[in-house]
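One structure is given below, encoded as structure tokens.
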Amino acid sequence: MEANSGEGAPKRNPLTSALVSNLESVLAARRAPPAEEVSTAAASGEAEAPDAPPTDGAPSRPVVLLTCAGGIRSAGLAALIDALVAGGRCDVHVCAPESDKPACGHSITVRETITATSVDFKGAKAFEISGTLVDCVSLALSGKLFPWSAPALVISGINPGPNCGYEMFHSSAIAAAREALVHGVPSIAVSLNWKKDESKDKDFKDAAQACLPLINAALADIEKGIFIKGCLLNIGIPSSPSANKGFKLTKQSGYTPAQSWQAVSTNRPSSAVHFMGMHQSLGIQLAQLGKDASAAGAARRVSAQRKTVEVESVAAAGKEEAREVVKKLFRAEFVEKQHEDLNEDIDLRAMENGFISVTPLNVHGQVEAEIVALVSDWLSAVVSLGKEKEAAPATADQQIAAEEKDPSAT
């Protein structure tokens, strides 16, 4: 049967009924009640009771959990902690690896003891963990480390290097946000498009300030119960954060990082051994940290240095013979490569053009079109609110200060 056409034909609603219902509930939550209803409720004594005071031990502000693939002492994490503490919008808690964990994916530690050690951060409660980034989030959400088990928001960042395209599958930063999403906690991953020999640590401070409006807007909507569910936000900051062109809703690209494999000589001492020889105290510390390593792992490292291993076998004549087993050592590194996709709406292209990319992802990767529509509306509202604040008239205090500075202005 052919579909009806023409002006009189009914138009198909492109939105699903579930999405329409969700949008209606979101709009209803945002809309203020009519003045007539308010006055009627007040007259009948049905006015809403004031908020109950917080219970003992409960935080007065929303809790935000921070972690970072760069480790507990990374410049990106420090910049984000400073920005959130200075803003005073939330209580900041930190659970991050004790060392750099850049490409561990969604790996976890099992059957081994993990250590959590307190670390001093001004205005924040922090622990460093001897595990992966996912371990950090999982432990923090377990209720065993902090006095809560469900923060308002989990933020992974600020991580050096973009997490675009298929990098998300081995990215520790995305995995940490994904782990929070699996636990039903809203999450954001923040990365700086770090450029080798160009970017500086101070860029992390600018990046923290650049993404702060999104974080504050997310907290406000989480408190109202209207923040987008079913996805995490992957935020990419351009290499010059202070000169960014604004936020842009983007899609996950098909970018695949190039791996460069290099052979490592078995005769040449490794850089780590050479470095520890120069810095004996650090070598002792590292040895102490690794004392719980499994015997099997130690055996593998020893056997990796051997060139030949005699293996007993039975030849045709029934005699034993020695067979040589060749072992080679390699090291993999990621190298930048040119992205050929010219689509302006993909994550990597947006960052290269100076925008802050905002890419919604679910636990499987890209999200459904209806969730993208929700994120688009939310992002537009955040940008509009920022413009309204910038265009707002000066307050009375600001006017008085201006008049005292320049009396002729009156």
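The values are calculated or read from the model by the stated rules, or taken from the named source; none is laboratory data. As the structure is a prediction and not an experimental result, all values here were calculated from the model. Reconstructed Cβ throughout: ideal geometry from the backbone, glycine too, with neighbour counts over all protein chains shown. Only protein heavy atoms, including side chains, enter the accessible area calculation; ligands, DNA and RNA are left aside. Shrake-Rupley method; radii C 1.70, N 1.55, O 1.52, S 1.80 Å.
Numerical summary
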item: A78 vs. criteria of a type outside the set (V, I, T) and open to solvent by 20 Å² or more (accessible area, probe 1.4 Å); result: yes
item: In the stretch 362-373, residue modelled with the highest pLDDT [restricted to those that are open to solvent by 30 Å² or more (accessible area, probe 1.4 Å) and in contact with a helix residue (DSSP H, G or I) (Cβ under 8 Å, 6 or more places away or on another chain)]; result: A373
item: Residue match in the stretch 228-235 (condition: over 13 Å from the mean Cα position of the chain (by Cα), of a type outside the set (A, V, I, L, M, F, W, C) and surrounded by fewer than 22 Cβ atoms within 10 Å (Cβ to Cβ)); result: yes
item: Residue in the stretch 132-154 that is closer than 15 Å to I72 by Cβ and of a type in the set (D, E, K, R) present; result: yes
item: Subset of the stretch 91-142 [of a type in the set (G, A, S), in contact with a strand residue (DSSP E or B) (Cβ under 6 Å, 6 or more places away or on another chain) and assigned to a helix (DSSP H, G or I)]; result: A140
item: Residue list for the stretch 139-179, restricted to those being polar (S, T, N, Q) and either surrounded by fewer than 20 Cβ atoms within 10 Å (Cβ to Cβ) or free of Cβ contacts under 8 Å to residues at least 12 places away in the same chain (or both); result: S142, S149
item: Evaluation of S191 against (1) closer than 22 Å to R89 by Cα; (2) of a type in the set (S, T, N, Q); (3) out of contact with any strand residue (DSSP E or B) (no Cβ under 6 Å at 6 or more places or on another chain) (one fails), failing number; result: (3)
item: Residue check for V94: more than 19 Å from H170 (Cα to Cα), under 17 Å from the mean Cα position of the chain (by Cα) and open to solvent by less than 20 Å² (accessible area, probe 1.4 Å); result: yes
item: Selection from the stretch 128-153 of residues that are β-branched (V, I, T) and within 14 Å of the chain's Cα centre (by Cα); result: V134, V137
item: Tabulated pairs, the stretch 358-383, first among the acidic types (D, E), second open to solvent by 50 Å² or more (accessible area, probe 1.4 Å), C-beta under 9 angstrom, 6+ apart or interchain; result: E370/L15; E370/T16; E370/A18; E370/N22
item: Test: residue in the stretch 41-63 that is under 23 Å from P147 (Cα atoms), at pLDDT 55 or above and crowded, with 18+ Cβ neighbours inside 10 Å; result: yes
item: Residue list for the stretch 340-361, restricted to those being closer than 11 Å to Q252 by Cβ and either modelled with pLDDT of 90 or more or surrounded by 21 or more Cβ atoms within 10 Å (Cβ to Cβ) (or both); result: I346, D347, L348, S357, T359, P360, L361
item: Any chance T132 is without any contact (Cβ under 8 Å) to a residue 60 or more places away in the chain and touching a Ser or Thr at 6+ places or on another chain (Cβ under 7 Å); result: yes
item: Residues satisfying the stated conditions in the stretch 165-193, i.e. farther than 30 Å from G225 by Cβ and not polar (S, T, N, Q); result: G165, Y166, E167, F169, H170, L192
